[in-house]
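Read the structure below first, then the notes.
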Amino acid sequence: MSVLVTGHRGYLGQHFIEYLESIKVDYITLGSVDLLLDNDISNFMKQYKPTKVFHFAANSNARCNFFQAQDNHNMTYLLTKNIPINCQFVFASTSLVYPNNNYVCREHYVEPDSHYAISKIASEYLISYFGGVSARFVGIVGPNMKKGVIDKILRNDNLELLNKSPGSFLQYIHVEDAIRALYHISDQTGIYNIAPNDGISLLDIGKLAGKNITWTDVEPIRSCTIDNTKLIQSGYKFRYPTTLSVIKKVIEEYK
């Protein structure tokens with residue numbers, strides 16, 4: 001008995017594989033090219049008979065423009081559509097499906113403003129039809145990050161941030177909690193927000209890290225809160241329950 005993991009070479013996928021190994025769960029993997037080309041996936045599923053699919057494979061460019069919209073369709077929705085859903089399906093989605101405003105964002109309300117978010121929602125709807133579960137992650141941080149604003153802040157003593165607001169209220173989850181929470185909900189159905197209890201401003205993150213940040217072309221403040229009540233009610237226990245504790249841990253890991 002084993003589980004199938006797609007997108008296993010990505011940041012979250014790599015950490016998830018390590019977690020499966022630590023809890024002695026057998027796994028098999030499929031890459032994005034196989035999924036996109038639909039290389040005999042049905043026979044693959046029949047041969048290995050995975051009990052669950054953890055689907056991470058997707059386009060990771062959340063800021064793509066209109067002309068790159070086809071990439072999101074191909075590398076997110078089509079990758080999902082090409083997997084025969086004949087067992088429990090667990091999909092890694094995003095909190096970017098929520099509006100960029102002062103709302104407290106719960107699972108039932110979405111307002112996507114990018115092709116990236118739309119492709120994620122389309123995949124969620126497909127999975128929900130078959131009784132799967134989708135995890136809407138906030139920003140994931142941890143050791144060996146290779147991109148993202150937190151990585152830029154921690155790697156540079158003097159940093160100029162373009163199109164960011166020092167007052168933006170953001171939530172980040174440590175990769176350890178991200179993968180543990182995902183596995184925790186893997187027998188459920190529906191949608192779960194995977195987020196800590198609160199957020200923190202970029203300005204405060206810079207102060208915590210002791211970095212000198214220059215703000216250029218400041219964008220409007222992003223201040224929505226991703227509600228994690230459903231996840232907590234499911235019985236999940238955070239190792240790092242607040243964004244402050246997450247950032248402190250990541251700063252420690254970077255030293």
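Derivation of every value follows stated rules applied to the coordinates shown; laboratory data play no part. Computed from a predicted structure; not experimentally measured. All Cβ positions, glycine included, derive from the backbone under ideal geometry; neighbour counts span all protein chains shown.
Structure notes:
- Sequence of Glu21, Glu107 once ranked by neighbouring C-beta atoms within 10 Å, starting from the fewest: Glu21, Glu107
- Counted charge near Asp177, where neighbours are those whose Cβ lies closer than 12 Å (Asp, Glu -1; Lys, Arg +1): +3
- Each part reduced to its alpha carbon centroid, region 167-197 and region 117-161 end up 10 Å apart.
- Residues whose amide H comes within less than 5 Å of that of Ile191, counting only those at least five positions distant or on another chain, are Ser134 (H built at 1.01 Å from N in the peptide plane).
- Fewest-first sequence of Lys152, Lys120, Lys237 by Cβ atoms within 10 Å of each Cβ: Lys237, Lys152, Lys120
- For Ile28, residues with placed amide H under 5 Å, excluding near neighbours: Val3, Leu4, Val5
- Region 82-155, Rg to Rh (Cα coordinates; Rh as Kirkwood inverse mean 1/r): 1.04
- Net +/- balance of residues flanking Glu252 in space, Cβ distance below 14 Å, scoring K and R +1, D and E -1: +2
- From phi via Karplus (6.51, -1.76, 1.60), per-residue ³J(HN,Hα) for region 128-137 in Hz, x at Gly/Pro: 5, 4, 9, x, x, 10, 10, 10, 8, 7
- Using the Karplus relation 6.51 cos²θ - 1.76 cosθ + 1.60 with θ = phi - 60°, the per-residue 3J(HN,Hα) values for region 195-201 come to 8, x, 6, 7, x, 8, 7 Hz, with x marking Gly and Pro.
- In this structure the amide hydrogen of Phe137, modeled in the peptide plane, comes within under 5 Å of the amide hydrogens of Ser93, Thr94, Ser95, Ile194, none closer than 5 places in sequence on its chain.
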